[in-house]
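The structure under discussion appears below in the form of structure tokens.
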Amino acid sequence: MTAPIKINYKIYQGSTFQEQYRWESGTKVYKPITGITKSAPVEITAEAHELKPGWRFRVTNVTGMKEINSGSESFYLASDISADTIKINSVNSLAFSNYTGNSGVIEYNEPVDLTGYRARMQIREKVGSDVVIDELTTENGKIIIDAEDATIRIEIPADTTQNYNFTTAVYSLEIIRNSVVIPFLVGNLTLQREVTR
């Protein structure tokens, strides 16, 4: 079993807290690139790429327009997607070299199929504390699992954070399918007190 990812957050009292996650499997997907535009934003054509909106991916082995190739640890985020095209809003390719046809691939980790999963999360002042400050679950609507978009979203309403009264706290988020519990996220929370109320 893999260890949970550690992420620390600041919560603003009286404001809606929203975070979205994508769970990547260890299976790599490679799709051949057949076109890249010189445009702002850049658009890549890779037929039937099956990439999800907001999913991270790499571009490798492109000839001609080598500027578009990702480094070994760098990723792009898919910002606008059709069945065969991907826009990268953060990239302006107008000054790039010309793309040499039928070269390169997009590479990404296949999303975990979230069908049948549920999730739970607790916030406590300390790990050993018996008092639960807040409990978030898929059942109470504060965690939303979208199997189609392959996303796990946390939403704490403003009227809930308004009543938070801690300085610092800890949390953990678990993903559950049948009787298997997977630790997904852990971390610390800091509460930023509300001024405008």
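May I ask you to list the GluC sites (Glu not before Pro) in the stretch 10-74 that are in a DSSP loop and have at most 13 other Cβ atoms within 10 Å of their Cβ? The partial results should precede the final answer.
Details: sites: Glu19, Glu24, Glu43, Glu47, Glu50, Glu67, Glu73; in loops: Glu47, Glu50, Glu73.
In loop regions of the stretch 10-74 (DSSP not H, G, I, E or B), the sparsely surrounded GluC sites (Glu not before Pro) are Glu47, Glu50, Glu73.
Between Ala40 and Gln192, with labels modelled 7 Å along Cα→Cβ, what's the label distance in nm to one decimal, could you check?
Result for the modelled spin labels: 3.0 nm.
Quick one: which residues, 5+ away or cross-chain, put their amide H under 5 Å from the amide H of Phe184? H built at 1.01 Å from N.
Under 5 Å from the amide H of Phe184: Leu173, Glu174, Ile175.
Provide the per-residue ³J(HN,Hα) series for the stretch 190-197, in order, calculated from phi with Karplus coefficients 6.51, -1.76, 1.60 and θ = phi - 60°, each as a whole number of Hz, with x at glycine and proline positions.
Values per residue, Gly and Pro as x: 10, 9, 8, 5, 7, 9, 7, 8 Hz.
Excluding Val180 itself, calculate the net charge of residues whose Cβ lies under 12 Å from the Cβ of Val180, where each Lys or Arg counts +1 and each Asp or Glu counts -1.
+1
Go through the stretch 89-104 residue by residue and turn each phi into a ³J(HN,Hα) via Karplus (6.51, -1.76, 1.60, θ = phi - 60°); whole Hz please, and just put x for glycine and proline.
Couplings: 4, 7, 10, 9, 9, 4, 9, 6, 5, 6, 6, 9, x, 6, 9, x Hz.
What relative contact order, as a whole-number percentage, does the stretch 97-183 give when Cα pairs under 8 Å and 6 or more residues apart are counted? Spell out each step's value before the answer.
On the way: 111 pairs, mean separation 27.5, N = 87.
Contact order relative to length: 32 percent.
Given labels modelled 7 Å from the Cα in the Cβ direction, how far is it in nm from Gln20 to Ala147?
That separation, rounded to one decimal, is 2.0 nm.
If you count only protein heavy atoms and use a 1.4 Å probe, how large is the accessible surface of Lys126, to the nearest 10 Å²?
140 Å²
Can you tell me the length gained on complete extension of the stretch Ser103 to Thr2, counting 0.36 nm per residue apart and subtracting the Cα distance? The partial results should precede the final answer.
Numbers: separation 101, 0.36 × 101 = 36.36 nm, distance 3.53 nm.
Contour length minus Cα-Cα distance gives 32.8 nm.
For the stretch 69-165, what class follows from the C-alpha gyration tensor (a ≥ b ≥ c being the square roots of its eigenvalues): rounded when a/c is under 1.5, otherwise prolate if a/b is larger than b/c, else oblate?
Working: a/c = 2.97, a/b = 2.45, b/c = 1.21.
Judged from the Cα gyration tensor, the stretch 69-165 comes out prolate (a/c at least 1.5, a/b above b/c).
How high is the FRET efficiency from Asn165 to Glu139, r the C-beta distance, R0 30 Å, rounded to 0.05? Intermediate results must be reported in sequence, preceding the final value.
On the way: r = 25 Å, r/R0 = 0.83.
Working from the Cβ atoms, E equals 0.75.
Write down the radius of gyration of the stretch 1-105 and its Dmax, each obtained from C-alpha positions, in Å.
Looking at the stretch 1-105, its Cα Rg and Dmax stand at 16.4, 53 Å.
The values are calculated or read from the model by the stated rules, or taken from the named source; none is laboratory data. Bear in mind the structure is a predicted one, so any value in this text is a computation, not a measurement. Neighbour counts run over all protein chains shown; Cβ positions are idealised from the backbone, glycine included. With ligands, DNA and RNA removed, areas are computed over all heavy atoms of the protein, side chains included. Shrake-Rupley method; radii C 1.70, N 1.55, O 1.52, S 1.80 Å.
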